[in-house]
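Contents: one structure, followed by commentary.
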Amino acid sequence: MLSEIQALLETYNSWLRDKTSLRELKGWVEITTPYLDRHNDSLQIYVRPDNGGLLLTDDGHTIRDLEASGCSLTTPKRHDLLQMTLNGFGVRLIGASLEVSASTDNFPLRKHSLIQAMLAVNDLFFLAEPMVRSLFLEDVIEWMDSSDIRYTPKVKFTGQSGYDHVFDFVIPKSRQRPERIIRALNRPDRYKAESFMHAWADTKEVRAADSMAYALLNDTESPVPGDVSEGLKSYRIRPVPWSHRDQVRDELAA
């Protein structure tokens, strides 16, 4: 199993390296990554020297794009969710920009954190239809609270590679059940599933041997694609469509 996971991680690192490109701007370097936003455009971040280190930013694109789509982040609850999400990645909000500072030593880790924060914020707050009033993560929290499922939100684990990965919820081990690690995927697609699969593959080897992973998949607007569920299963992640959430209520509450 260890050699299999190592091969998967090497494949992922090769893909990440080969699909990344750089371009010089006025005092900045633009990094185009293989990660896609909700428009299927590649995520871009910008880097420049700053006080002996490096400043990395999304230049406000993530927040401005959501606001332009009619998703307001001004309510107290949504602002709290935004701040909780960013805190989990160690990313700060300056105006509309998501930013991190880095040194030459920790640049890969800080770049990874910024990109993961951009993906998480975009997925957390994008509302597929203007009339949708609640956020999927809000629904998940409300369901878990009403089901007496104890959890710790936004937990960061360092994987075998040294990269940090943030998971939406961790349910600690009990007498009946092992540790359970959960991500809520608002718009489950191949890229969101692959992000979770690689995070879990990197993390699993440094967690307890019987730790389990769950993906809560929002199927409110449309069915979960079959390749998403099958891909998650191949990495030993249990896919749970939101419409079937009560099937796992007892095992998460145990």
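Scan segment 10-22 and give yes if some residue there is modelled with pLDDT of 80 or more, surrounded by 10 or more Cβ atoms within 10 Å (Cβ to Cβ) and touching a strand residue (DSSP E or B) at 6+ places or on another chain (Cβ under 9 Å), otherwise no. Checked against the condition, which is being modelled with pLDDT of 80 or more, surrounded by 10 or more Cβ atoms within 10 Å (Cβ to Cβ) and touching a strand residue (DSSP E or B) at 6+ places or on another chain (Cβ under 9 Å), segment 10-22 yields at least one hit. Checked against (1) modelled with pLDDT of 90 or more; (2) part of a helix (DSSP H, G or I), SER3 passes all but condition (1).
Of the helices (runs of 4 or more DSSP H) lying entirely inside segment 134-244, those carrying at least 3 residues that are under 14 Å from the mean Cα position of the chain (by Cα) and within 30 Å of THR75 (Cα to Cα) are 190-204. For the criterion of being surrounded by 14 or more Cβ atoms within 10 Å (Cβ to Cβ) and at pLDDT below 95, ASP189 passes.
Restricting the search to strands (runs of 3 or more DSSP E) fully inside segment 48-113 and requiring at least 1 residues that are of a type in the set (Asp, Glu) and closer than 24 Å to ASN13 by Cα gives 97-102.
The values are calculated or read from the model by the stated rules, or taken from the named source; none is laboratory data. Predicted, not measured: the structure shown is a model, and the values here were computed from it. Cβ coordinates were reconstructed from backbone atoms using ideal geometry, including for glycine residues, and neighbour counts include every protein chain displayed.
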